[in-house]
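As structure tokens, the structure follows; a few thoughts come after it.
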Amino acid sequence: MLQTIDYQIFRSPAGQLLVGSWQDQLVLCDWADRKNRQAIDDRIRKATGGEFREVNSRIVREATEQLQEYFSGNRTEFTVPLLQTGTEFQQTVWSALLEIPFGHKITYSGLAEKLGSPDKVRAVAGAVGANPMSIFVPCHRVTGIQGQLTGYAGGLEAKRFLLNMEDKNNLFAVL
């Protein structure tokens, strides 16, 4: 029996997201129009052995409900189980992203230092950019050294929107 990666399109105020599950885990929450969409999808297919089909699974419904709560200002943490499909290094970086609390930002160099690899800023930035679970794994909370907005799969306007939305009470602090 063919395993499937069930997905739906979620129209967020910041842009369209593809939200997908495999078995009982979220495997994708990514910008529909990102530049390397095919590479991300291929990586997920290879890791799961599944094929994409547009179906609204229980996990996809749960994830989209949590996204709606997030965008309405009623959620600051997510509880959907995640399946991260990437290299060991990417998964280490993504796990560190999960530790950035709502209302906080960190620089790429700060993240590299936190991981004990201050000389691997570019590699850390590459792993951040390969994150297939935007918002759930909050890569939008990583900025340039001066706090400037740099590369984001959903585009800089989406990143700005997310940061402004989370900062509505001037909560942001740099880790």
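Taking segment 82-105 on its own, how many of its residues are among the aliphatic types (A, V, I, L, M) and either part of a loop (DSSP other than H, G, I, E, B) or over 24 Å from A63 (Cβ atoms) (or both)?
Residues flagged as among the aliphatic types (A, V, I, L, M) and either part of a loop (DSSP other than H, G, I, E, B) or over 24 Å from A63 (Cβ atoms) (or both) within segment 82-105 amount to 2.
Taking segment 1-32 as the search range and keeping residues that are among the charged types (D, E, K, R) and farther than 16 Å from N131 by Cβ, which one is surrounded by the most Cβ atoms within 10 Å (Cβ to Cβ)?
The selected residue is D6.
Out of everything in segment 127-154 that is farther than 18 Å from Q66 by Cβ and at pLDDT 90 or above, what residue ends up being farthest from the chain's Cα centre (by Cα)?
T143
Report yes if some residue within segment 107-130 is touching a residue at least 24 places away in the same chain (Cβ under 8 Å), touching a His at 6+ places or on another chain (Cβ under 9 Å), under 25 Å from A32 (Cα atoms) and in the same structural domain as G154 (by TED's automatic domain parsing); otherwise report no.
no
If you take the residues of segment 55-83 that are charged (D, E, K, R) and over 14 Å from S134 (Cα atoms), which of them is surrounded by the most Cβ atoms within 10 Å (Cβ to Cβ)?
Looking at residues that are charged (D, E, K, R) and over 14 Å from S134 (Cα atoms), I get E62.
So which strands (runs of 3 or more DSSP E) are wholly in segment 11-57 and hold at least 3 residues that are touching a Lys or Arg at 6+ places or on another chain (Cβ under 7 Å)?
Answer list for segment 11-57: none.
Can you pull out the residues in segment 92-106 that are surrounded by fewer than 15 Cβ atoms within 10 Å (Cβ to Cβ) and either in the same structural domain as S12 (by TED's automatic domain parsing) or closer than 16 Å to D30 by Cβ (or both)?
none
Answer yes if at least one residue in segment 115-134 is in a loop (DSSP other than H, G, I, E, B), among the aliphatic types (A, V, I, L, M) and either within 21 Å of E157 (Cβ to Cβ) or touching a Ser or Thr at 6+ places or on another chain (Cβ under 6 Å) (or both), and no otherwise.
yes
The values are calculated or read from the model by the stated rules, or taken from the named source; none is laboratory data. It should be emphasised that the depicted structure is a prediction, and the values quoted were computed from it without experimental measurement. Positions of Cβ are backbone-derived with ideal geometry, glycine not excepted, and every protein chain shown enters the neighbour counts.
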